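Novice: Quick one: the structure is below, questions incoming.
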């Protein structure tokens, strides 16, 4: 059975992705900060017939990526898919953003995916059709007032993902980037309370893209998905 690691899996996009992968018969490692939420998703995944390991960790800690990989291998013995979804957001102008906030956002949004990929690659490349999927954001290539720290971290994730794809191509590892616009999650509701939730992308739509990426056949490689709100401006 193939094994997938999904960070930020307690709720929102990560939860939707974890459940979708369980439906595809993956063993799932769900990573998050809430014991309660992870226990609930573990129960659901196991009811679906897939084994599940929960890891309640803090991705801002330097040792966390190594812990995630080690515990995954101890439990399931392999890594086939890594989904870096966890993220922190902050809404403030540059003049109102302090160093601690900026550092915390970068630790989770940029540093943790970087070193989790580094730790997982040696084990991913041992298996057939290994995949890394990094969940970025529209702010990974655009700029919005009041989102400087968040946008900076997602730009960093986007740039790193492009380099990673080139470096592991020879190992047969496919690397994909998904950059959604507004998704109906608690984070977006806090960042953009002005947007009607009915206009937002649903987490399950992102999970469907993940399903497409892990099940598709063929020689062509998809580097990047940008999915925007239907009510958003095209090419904006």
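The values are calculated or read from the model by the stated rules, or taken from the named source; none is laboratory data. Predicted model only: the values in this text are computed from it and were never measured. In this analysis, Cβ positions are derived from the backbone assuming ideal geometry, glycine residues included, and neighbour counts consider all displayed protein chains.
Novice: Which is more than 19 Å from residue 207 (Cα to Cα) and assigned to a strand (DSSP E or B), of 59, 53?
Specialist: Values: 59 fails: assigned to a strand (DSSP E or B).
One residue alone meets the criteria, 53.
Novice: For segment 185-208, check the following and say yes or no: at least one residue is in a loop (DSSP other than H, G, I, E, B), crowded, with 21+ Cβ neighbours inside 10 Å, within 16 Å of the chain's Cα centre (by Cα) and at pLDDT below 95.
Specialist: yes
Novice: Consider segment 1-35. How many of its residues are modelled with pLDDT of 95 or more, surrounded by fewer than 17 Cβ atoms within 10 Å (Cβ to Cβ) and over 17 Å from residue 79 (Cβ atoms)?
Specialist: Looking only at that region, the number is 1.
Novice: For segment 19-40, what are the residues that are part of a helix (DSSP H, G or I) and touching a helix residue (DSSP H, G or I) at 6+ places or on another chain (Cβ under 6 Å)?
Specialist: Across segment 19-40, the qualifying residues are 20, 22.
Novice: Within segment 119-158, how many residues are closer than 18 Å to residue 82 by Cβ, out of contact with any strand residue (DSSP E or B) (no Cβ under 9 Å at 6 or more places or on another chain) and not in a loop (DSSP other than H, G, I, E, B)?
Specialist: Of the residues in that region, 4 qualify.
Novice: Return yes or no: is residue 231 over 23 Å from residue 111 (Cβ atoms) and either surrounded by fewer than 19 Cβ atoms within 10 Å (Cβ to Cβ) or modelled with pLDDT of 70 or more (or both)?
Specialist: Values: over 23 Å from residue 111 (Cβ atoms): yes; either surrounded by fewer than 19 Cβ atoms within 10 Å (Cβ to Cβ) or modelled with pLDDT of 70 or more (or both): yes.
For residue 231, the condition - over 23 Å from residue 111 (Cβ atoms) and either surrounded by fewer than 19 Cβ atoms within 10 Å (Cβ to Cβ) or modelled with pLDDT of 70 or more (or both) - is met.
Novice: Right, here's the next one. Of all residues in segment 62-97, how many are in a helix (DSSP H, G or I) and closer than 15 Å to residue 26 by Cβ?
Specialist: 3
Novice: Is it true that residue 178 is touching a strand residue (DSSP E or B) at 6+ places or on another chain (Cβ under 7 Å), crowded, with 19+ Cβ neighbours inside 10 Å and at pLDDT below 80? Steps first, answer last, please.
Specialist: Working: touching a strand residue (DSSP E or B) at 6+ places or on another chain (Cβ under 7 Å): yes; crowded, with 19+ Cβ neighbours inside 10 Å: yes; at pLDDT below 80: no.
So residue 178 fails the test.
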